[in-house]
Amino acid sequence: MRAIVLFFLAVACLSIGITTYFALGFTVIESFLVTIVALLASFVFIEALFRRRTETYLVNQTESIARQLSNVAKTSEMLSDQVSFLSGLNMKDRTDNLEADVSVLGTVVRQLAEAVAEMEEAQAAGVTGSNKNSADDRYKGDEDSGRGGGFEFVDNGPVVPIEAVQHALANNEIEQFLQPIVSLPQRRTLGYELMPKLRTDDGVLHEAEDFLHYEDNTGTIAELEQLLIRQAANIVHRANITGDPTNLFVPISLALLRDKENCSTMAGLLASNRAVSASLMLTLSEATFDSLNASDKKSLAELVRAGAGICLDNVRSLRLTFQAMSERGVKFVKADAQAFINNPLDFTDFHRADLADYVERFGIGLIMDNVTSEDHVLELLDDKIPYAQGKHIAQPSPVRPDLASEKSSKRSATR
């Protein structure tokens, strides 16, 4: 393009020189000089024009490159942020959860396949009727409770007369024992279960289930359970002072929950000292927890809002709605270790090794009670059970004197 312009420019300058020679009468030298001057002037003008256009083009290209570099810098910054975010993610936990889900799903599918195979074999052998009868016997207790699971705890009811309980309460004769609950495999102490015991005139030391589960109208059991919570709070408080904080599991029953005055008093006491109430676990049997009416649930929710947790004891099955239980304040569930080891299918449809991880996802700890031998401990370790309790772990022992509450003052305070 530039060569064509210069060619036509030279032709035009030559035409000027010819015109001056023939039309204006210039000499040949003068016409040649005019042609050279015109050619030089035109060349300078055209070069300046081309230079200006080139500079403008370069400026535009430079601005375009600058904009592109700015976009690249922003993109790099975004990528850097994404890389930082991804590097900060704990992919191991997510992978572990995914592996646990896949493992649980695989276990359920395998058990389903085995159940279908057993049904087909039973039908082929003509023993469907007998299998049905055995299944009915196995889950007879489940129909009464309205859900799956097969371990049934026999409760013969209290054997100590209510008058004897009133006498012991009036004379501060309720003895307090503590049994540790430990974590596996380190066997570090998670907390202690408070076990009130009553010694009658014949010298027999009765366990809590012999006298705590009355449904009386005298308010004795509610007053006794209120005293237990006060003593437990006092033990936790003194343990915190001595630098040895611990959790304390305190048994309660329907008697306290249905005594609105005492229950409200306890809720106020717990709410006033969150440091203590956070370490208190109110222990109810699963049967009691399932039998709560709307008013009982309201009383229990008041205690939970005050800071206390809930522990379900004597769990007959682990086929539970753990999400709903967690929302109601359940922190721990306790099952019988011997029954779980001997008949795991009566407790759950999951593989035994996957059960504790599944329960833990809902913020609930699984405690196996009644551990009576080292073989039980080894079995629980294989099943990754996090907590254990029982006579083999440690026998119940009286409360240490430095942690024991001043019963007389506490007794008077409850009146």
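Bear in mind these aren't lab numbers, they're just calculated from the coordinates by the rules spelled out. Since we're looking at a predicted model, the values are computed, not measured. As a convention, Cβ positions derive from the backbone with ideal geometry for all residues, glycine included, and neighbour counts pool all protein chains shown.
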*asked:* Ranking request for peptides 348-355, 290-297: highest mean number of other beta-carbon atoms within 10 Å first, then the rest in descending order.
replied: 348-355, 290-297
*State, as an integer percentage, the relative contact order of region 268-415 based on alpha-carbon contacts under 8 Å between residues 6 or more apart.*
17 percent
*Among the chymotrypsin sites (Phe, Trp or Tyr not before Pro) in region 1-91, which ones are in a DSSP loop with at most 16 other Cβ atoms within 10 Å of the Cβ? Mind listing them?*
Phe26
*asked:* So if I average 1/r over every pair of distinct C-alpha atoms in region 1-44 and take the inverse, what Kirkwood radius in Å does that give?
replied: 10.4 Å
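Rounded to two decimals, what is the ratio between the C-alpha radius of gyration of region 162-414 and 2.2 N^0.38 Å? Before the final figure, lay out each step's value.
Details: Rg = 17.8 Å, N = 253, 2.2 N^0.38 = 18.0 Å.
Region 162-414 yields a ratio of 0.99.
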*asked:* How big is the dipole moment of region 162-414 about its Cα centre under a simple scheme where the beta carbon of each Lys and Arg is +1, that of each Asp and Glu is -1, and everything else is neutral? Debye, nearest 20, please.
replied: 1020 debye
*Entries in Lys197/Lys334; Lys260/Lys384; Lys298/Lys384; Lys297/Lys334 that, when Cα-Cα distance is taken, lie over 29 Å*: Lys260/Lys384; Lys298/Lys384
